[in-house]
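The values are calculated or read from the model by the stated rules, or taken from the named source; none is laboratory data. Nothing here was measured: the structure is a model prediction, and the numbers come from that model. Don't worry about glycine lacking a Cβ; one is built from the backbone with ideal geometry, like all the others, and counts go over all protein chains shown.
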C-alpha cells in the first residue's frame, strides 16, 4: 500500500481533481513500466512471522538494505520505507516487504530491477536468519500470529475494515500481490486501456492464482487472495462496471472516487482518522475530522490510493488482479500487460477480443476465477481458451515493440511461464496442491523452501 503522496497545491475547484488525473497523459515515447511486488518474510529457524523490532526483525532488515544505497523514510522515529532512484521499498500492514519499482523503459530493465532487488534482499536476510516466500496468501499463519507494522494509516484501516467486510483484515495482513503500473497518452487511450485491462483482469488472476492454503490446510480456492477482495469493502473494490458506460472518462472516475468514503488525512507527519467521512465534505470545508479546513492536492492523491478496484487509476493505470508468486513469475506480469497495452495493434486486437463481453459475463469471470482459475466456464469453452488467445496478442505486441536485451532476445520470452500455464490449464496453485497431496504428505511447510526467493 502507498505512503503519503507528494502532490502539492490547493484545490480551487472540483475540476482540479480531474485535471490532476489527466495530467498523467504522456506521449508514447515517455511511457514507462512500474512493477510492484510483495513477499512474506519469515524466520528460517521456525517459519514464524517477523516482528518489527529485534535482531531478526523488519527494522533490522530495512537498516541492512541501506548498505546498497537505499535511503530511509521514517514515521514516528521508525524506519518504515526506503527510497532510491525513483524506486521504493515499503512495508505492508503485516510486514510484507514490497518493492515499488522505478518507472523503466522496457521489460529487460524491469526484470533486472527485480533480480537485483531480490539478490540484495537475500544477501541481507540470510545474514539475519530471515527468508522470503512468494505466495498470494500466508500458508499457515493465523491473524493473531501476524505483527502490526508501525504505520499510522494501518491502525486506522484495521479499525475500519471490519465495519465493511469479513476479510479486510486478511487482505491487509495475510495477502501478497504483484502489480504493474502503466501509462496512457490521452483520455481516449486511457479508456481503451482501462476497459481492456479490466475485462481481462480475471485472466491475470487465473494465470497467477497461487494461494490455495489457509492456516495449513487447502481452503477450497486457487486464489484465496482474490476471494478475500470480494468481502473486503464493497465501496472501494470490485469490477467498477461504469468503466464500460458511454461517456466514461477522467471525470466519471473522479465522481466514483469522491463517492468512496475516506480513511484518513495526513498532517505534520501524522495520520488523522477520517474513516467513513466524505471527500465532498472536505472540499466544502465540512470534514468532521478537520472542520473548516479544505484539502490539498496531496490529500486527493492520498485518497486515490485508498481505492482498490481491480484496475485503479491515479496518474497511470494499476493492474491489481495477480497473486504474489515465485521469482520467475515476477517478470511475467508486466510482460503480459505491456504486450497487450503498449502496442497499438495489440491493444486493438485485445479490444476486439473483449468488446462484446457483457457486464454479467465480466462479473461471472471475476466470481469464478478464485475457485476455478483457467477452468472457469466462458462462452462454451473455458478461460483457458481466452488465455491462449490473449497471450498470442501479448506476444505479438512485445514482438512489435522490438526491444532487444543484452542476450539478443526481445521481450517475448518473459511470457514463457504464462504460455506454459495456458497450455496446460494448470495454475500455480494447482501444482502446489498436487505437491501437498503428494510428496509434501499433507503439510504446507515444504512451501517455505520450495517457494522461497
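Odds and ends about this structure:
- In the condition set (1) without any contact (Cβ under 8 Å) to a residue 60 or more places away in the chain; (2) under 17 Å from the mean Cα position of the chain (by Cα), residue 335 is compliant with all but (1).
- Here residue 396 qualifies as surrounded by fewer than 22 Cβ atoms within 10 Å (Cβ to Cβ) and either in contact with a strand residue (DSSP E or B) (Cβ under 7 Å, 6 or more places away or on another chain) or not in a loop (DSSP other than H, G, I, E, B) (or both).
- The single residue among 56, 102, 125 that is surrounded by fewer than 21 Cβ atoms within 10 Å (Cβ to Cβ) and either modelled with pLDDT under 95 or in a helix (DSSP H, G or I) (or both) turns out to be 56.
- Of the residues making up the range 235-267, those that are over 26 Å from residue 158 (Cβ atoms) and touching a residue at least 24 places away in the same chain (Cβ under 8 Å) are 241, 243, 244, 248, 249, 250, 251, 253, 254.
- With respect to (1) farther than 19 Å from residue 414 by Cα; (2) in contact (Cβ under 8 Å) with a residue 60 or more places away in the chain; (3) surrounded by fewer than 17 Cβ atoms within 10 Å (Cβ to Cβ), the lone exception for residue 328 is condition (1).
- Residue within the range 400-408 that is assigned to a helix (DSSP H, G or I), modelled with pLDDT of 95 or more, touching a helix residue (DSSP H, G or I) at 6+ places or on another chain (Cβ under 7 Å) and more than 15 Å from residue 208 (Cβ to Cβ) present: yes
- Being crowded, with 24+ Cβ neighbours inside 10 Å and at pLDDT 95 or above holds for only one residue in 341, 391, 419, and it is 341.
- Considering 183, 189, the condition of being surrounded by fewer than 22 Cβ atoms within 10 Å (Cβ to Cβ) and at pLDDT 95 or above is satisfied by 189 alone.
- In the range 141-163, the residues that are surrounded by 18 or more Cβ atoms within 10 Å (Cβ to Cβ) and part of a loop (DSSP other than H, G, I, E, B): 141, 146, 149, 150, 151
- Among residues that are crowded, with 21+ Cβ neighbours inside 10 Å, within 18 Å of the chain's Cα centre (by Cα) and within 30 Å of residue 343 (Cβ to Cβ), residue 91 is not included.
- Condition met for residue 368 (assigned to a loop (DSSP other than H, G, I, E, B) and either within 19 Å of residue 323 (Cβ to Cβ) or touching a helix residue (DSSP H, G or I) at 6+ places or on another chain (Cβ under 6 Å) (or both)): no
For every residue, the table says whether it meets (1) closer than 25 Å to residue 332 by Cβ; (2) without any contact (Cβ under 8 Å) to a residue 24 or more places away in the chain.
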residue	(1), (2)
18	no, no
22	no, no
33	yes, no
46	no, yes
49	no, no
70	no, yes
79	no, yes
82	no, yes
90	yes, no
